[in-house]
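Accompanying notes for the structure given below.
The values are calculated or read from the model by the stated rules, or taken from the named source; none is laboratory data. Keep in mind that what you see is a predicted model, and the values were worked out from it rather than measured. Positions of Cβ are generated from backbone atoms using ideal geometry, with glycine treated the same way; all protein chains shown enter the neighbour counts.
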Amino acid sequence: MNQFHLQALRSPGRARWLETELLAWLDGAGVLGDDVLEVGPGPGLTTDLLRERSAKVTAIENDPVLAAELAGRLIGTNVAVINGDATGSGLPGDGFSSVCCFSSLHHMPSTELQDRLFEEALRLLAPGGSLFGEDPADSDFARLGHIGDTFVPLARRH
């Protein structure tokens, strides 16, 4: 992830957007349940919101530096941080009440890996569990923020 993008994800403006827009959507979209898996938490602003709404959060982050920073910051909380690949997590299946993937799907380097991520998420969900996701639309602005970074927008289906 380029430094501009990382700073944007840590910004007060991003935090405000998450608290107003994302939470309003999430609160109306369904129930998280008490055992949430978050895929690609990055610096963890979304993790902070999820941990206030669930008894247990497991966050899986591919970037070792971001995973270590998040794990260090959240020691002693209801969050377990794993540095790993969410397309093949090795976690036991059918266990999570929900899987959340916020603004991280476009960082998968191919549509095939995005599909593998969805397959893994479905494997990890408990029966009746929910998959929640949000990702930026393809735009010139989004591409500008990802110069030197991975940006594979999700395919739009009409």
Inset, instruction - Among the residues of the range 124-158, write down those that are among the acidic types (D, E), more than 16 Å from C101 (Cα to Cα) and at pLDDT 85 or above. - result: D138, D140
Legend entry - Verdict on T77 being hydroxyl-bearing (S, T, Y) and part of a helix (DSSP H, G or I): no
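Rundown of residues vs (1) in contact with a Leu (Cβ under 7 Å, 6 or more places away or on another chain); (2) within 24 Å of D34 (Cβ to Cβ); (3) buried (at least 19 other Cβ atoms within 10 Å of the Cβ); (4) not charged (D, E, K, R), yes/no style:
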site: S98; (1), (2), (3), (4): yes, yes, yes, yes
site: E112; (1), (2), (3), (4): no, no, no, no
site: A121; (1), (2), (3), (4): yes, yes, yes, yes
site: G129; (1), (2), (3), (4): no, yes, yes, yes
site: I147; (1), (2), (3), (4): no, no, no, yes
Legend entry - Given (1) modelled with pLDDT under 95; (2) not aliphatic (A, V, I, L, M); (3) not in a loop (DSSP other than H, G, I, E, B), index of the condition E69 fails: (1)
Inset, instruction - Just need a number here: residues in the range 54-66 that are over 10 Å from the mean Cα position of the chain (by Cα) and free of Cβ contacts under 8 Å to residues at least 24 places away in the same chain. - result: 4
Legend entry - Check on T46, of a type in the set (S, T, Y) and either outside any helix (DSSP H, G or I) or free of Cβ contacts under 8 Å to residues at least 24 places away in the same chain (or both): no
Inset, instruction - Could you please tell me which pairs satisfy a Cβ distance under 6 Å, a separation of 6+ or placement on different chains, a first residue in the range 10-38 that is among the small types (G, A, S), and a second residue that is at pLDDT 90 or above? - result: A15/L45; G30/S130; G33/S97; G33/S98
